[in-house]
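Below is the structure I would like to discuss, written out as structure tokens.
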Amino acid sequence: MEKQGEELDQESPVDPEEASQEELDSEEDSLETLGKELDQTKDLLLRKQAEFENYRKRIRKERGEQRLAAQAEVFEKLLPTLDALEKGLESLREAPENSELETYRQGYEFMLQEIRSVLEKFGVTEIPGLGNPFDPKIHEAVLREVTSEHEDGKILDEFRKGYKIQHRLLRPAQVRVAVQPDQEKVSEGKGKK
């Protein structure tokens, strides 16, 4: 058993004091290399986390845009129905007093109120028209009226309401726009060239 003890003593690590300078340098180099690898690994981890967070944000944005596009498609199909209900209600309001027509009028008002409530929940808003300045991004000029009674570009009449959902145009408002007499001559002159 003493032999085993002697063998263990011989195999035991060398005291740092007795170690040669080469062994110490080798261990320091090894520690330095491990430290650099650790720093590189931490840096790589941080980069991958940032890439993943950017990926999540991009996917969230794309899903939101897809959802908005799907909603816009549905609401575009619903708008003619809304127009028809508004015209029907308008004609019922102009009709003479009649109890049967009053019931229909109340029904139309209720349906319009429900549809507008749904549109509002999804962020569908009406584009301002009558009395506002013309904006070609959200208005479609169906008629131009030459007049000096109104300022140039003012919307005089609205033929069809326009709508947008959040920042996206669903349908431009169809409007009649005031044009100053001198502006009419300038635009005619441009068309003849």
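The values are calculated or read from the model by the stated rules, or taken from the named source; none is laboratory data. Just so it is clear, the structure is predicted and the values come from calculations on it, not from any experiment. Heads up, the Cβs are rebuilt from the backbone with ideal geometry, glycines too, and the neighbour counts pull from every protein chain shown. Ligands, DNA and RNA are stripped out before the accessible areas are found, and what is left, the full protein with its side chains, is counted by its heavy atoms. Shrake-Rupley method; radii C 1.70, N 1.55, O 1.52, S 1.80 Å.
Can you report the number of residues in the range 115-134 which are open to solvent by less than 70 Å² (accessible area, probe 1.4 Å) and either assigned to a helix (DSSP H, G or I) or closer than 12 Å to residue 162 by Cα (or both)?
8
Could you list, ordered by first residue, the pairs with Cβ atoms under 7 Å in which the first is in the range 117-136 and on the phi > 0 side of the Ramachandran plot and the second is hydrophobic (A, V, I, L, M, F, W, C) and surrounded by 14 or more Cβ atoms within 10 Å (Cβ to Cβ), at least 6 apart or interchain?
123/165; 131/155
Return the pairs, sorted by first residue and then second, in which the second residue is open to solvent by less than 30 Å² (accessible area, probe 1.4 Å) and of a type in the set (A, V, I, L, M), the first residue lies in the range 84-100 and is under 19 Å from residue 158 (Cα atoms), the beta carbons are less than 6 Å apart, and the residues are 6+ apart or on different chains.
That search, which allows pairs on different chains as well, returns 85/112.
Yes or no: residue 144 touching a residue at least 40 places away in the same chain (Cβ under 8 Å), in contact with an Asp or Glu (Cβ under 9 Å, 6 or more places away or on another chain), within 23 Å of residue 71 (Cβ to Cβ) and not hydroxyl-bearing (Ser, Thr, Tyr)?
No.
Please list, ordered by first then second residue, the pairs with beta carbon atoms under 9 Å, 6 or more apart or interchain, first in the range 58-75 and closer than 13 Å to residue 167 by Cα, second of a type in the set (A, V, I, L, M, F, W, C) and in a helix (DSSP H, G or I).
none
Of all residues in the range 89-114 being among the polar types (S, T, N, Q) and modelled with pLDDT of 80 or more, which is most open to solvent (accessible area, probe 1.4 Å)?
Checked the range 89-114; the qualifying residue most open to solvent (accessible area, probe 1.4 Å) is 113.
Answer with yes or no whether residue 170 is touching a helix residue (DSSP H, G or I) at 6+ places or on another chain (Cβ under 9 Å), open to solvent by less than 70 Å² (accessible area, probe 1.4 Å) and assigned to a strand (DSSP E or B).
Criteria met by residue 170.
Filter the range 148-193 down to the residues that are at pLDDT below 80 and either touching a Lys or Arg at 6+ places or on another chain (Cβ under 9 Å) or among the polar types (S, T, N, Q) (or both) and list them by number.
148, 183, 184, 187
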